1. Over what distance in Å are the Cα centres of segment 255-281 and segment 105-127 separated?
2. Taking a ≥ b ≥ c as the square roots of the eigenvalues of the Cα gyration tensor of segment 79-203, is the shape rounded (a/c under 1.5), prolate (a/b larger than b/c) or oblate?
3. Just subtract the alpha-carbon distance of Asn316 and Arg254 from 0.36 nm times their residue separation and send over the number in nm, one decimal.
4. What does the accessible area per residue of segment 68-204 come to in Å², with a 1.4 Å probe and no ligands, DNA or RNA counted?
5. Of the accessible area of segment 220-313, with the probe set at 1.4 angstrom, what percent is carbon plus sulfur?
6. Output the peptides 160-173, 232-245 sorted from most to least packed, where packing is the average of other Cβ atoms within 10 Å over each peptide's residues.
7. For Val220, what accessible surface area do you get with a 1.4 Å probe? Give it in Å², rounded to 10.
8. Can you run phi through the Karplus equation (6.51, -1.76, 1.60; θ = phi - 60°) for segment 82-95 and list ³J(HN,Hα) in whole Hz, with x for Gly and Pro?
Amino acid sequence: MTRRHRPIAALLAILLSLAAPQVASAQGPAIGALGQGFAKAGQSTRPVAVSQRSVGTTRPTSRQANQPQLRPWMHPDIANAWNAGYRGQGATITVVDSFERGARIEGNLGNGRQSLRHGDWTQLTLSLLAPQAQVRRHDMGAGRQVGPGAGLNIVNLSYAMYAPAGHNPARMAWSAQEASIIRHARQGSALVVKAAGNDGVALGRANRAGRSDYLNLALVGSDAAIFVGALDRNGSPTDRAELAHYSNRPGHDRRVQRQFLTVGVRGDLTGLAGTSYAAPVVSGYAAVLGSKFTDATPAQIGNQLLDTARSDTIRNYNPALHGRGEASLARALAPARIR
């Protein structure tokens, strides 16, 4: 009988490494969680450390001020959406990330330099974009299932689940947490927005350490899941962006290409780079979109973002590199209704 592969949590946080540590297991390959972001330290760029399987809580957080401010790292489209009254109201965003443990990261999203944990930064990013959304924190170490909230449900994932390449993701015995996330994506009960990864490879392929992100693999083909890669800036037809050197790409799998978006990540302005900070941009856009299309399902919101992406703002656009293209909130909001 074929034995199912059981995820085993690493005991220590991963510090300054893109690969999860090897953990011996008689049950099968170890799966380690890792944040998909970078923090700049001096002139060097280093990956963010994220704690694994720490005990955490899920709790709502306070909303940002009702008068949001356009920050230099944001695309100008977001200000137009706010001015039209679309600020994320009616959406619940659950941020599954590291809140209780892990290294603090220095950065500045436009309200002063701060030292925060990885999850705090991803939460702050999307809260600034969708200030009237209900944001819930779910520590990735808890292992508990992610339940639904009120209204349009969005789940933001800026972490990976690594194990040695070559295993069947369908045979993984996921924790209640990851199992619930995968179920939401497949059943369409929530839009799952996942950071594509910082290995500079095709999504799902092995990184230089010989490991694959099995959470990525498990979400391929889901009705309500979007992978998000990073561009070096917000693009325009007259100033086209390029894929960030670290960002994973869709590769030649057309299923992944159909689920893949890119957005600008201005690490040069914020001190924060990596697809960790691309995912919450798309989560924020989804919440804003849901404020207009109040009857839309999570899958419809996701498809609207994918179907309205731009390719004319990307230099040498290629579906194998950029998927559907750069997310365009203006185009996504333009119609009177969506299907």
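1. Segment 255-281 and segment 105-127 have Cα centres spaced 15 Å from each other.
2. On the way: a/c = 1.86, a/b = 1.32, b/c = 1.41.
Because a/c hits 1.5 or more and a/b fails to exceed b/c, segment 79-203 counts as oblate.
3. Numbers: separation 62, 0.36 × 62 = 22.32 nm, distance 1.84 nm.
Extending this stretch completely gives an extra 20.5 nm.
4. Values: 4390 Å² over 137 residues.
Accessible area per residue: 32 Å².
5. Values: 1250 of 3160 Å².
About 40 percent, which is the carbon plus sulfur part of the accessible surface.
6. Working: 160-173: 18.8, 232-245: 16.5.
Top of the packing list down: 160-173, 232-245.
7. 30
8. With the stated coefficients, segment 82-95 comes to 4, 5, 7, x, 9, 10, x, 4, x, 10, 10, 10, 9, 9 Hz.
The values are calculated or read from the model by the stated rules, or taken from the named source; none is laboratory data. These numbers were taken from a predicted model, which means no experiment stands behind them. No Cβ is skipped: glycine too gets one built from the backbone with ideal geometry, and neighbour counts run over all protein chains shown. Calculation scope for accessible area: heavy atoms of the full protein, side chains included, ligands and nucleic acids excluded. Shrake-Rupley method; radii C 1.70, N 1.55, O 1.52, S 1.80 Å.
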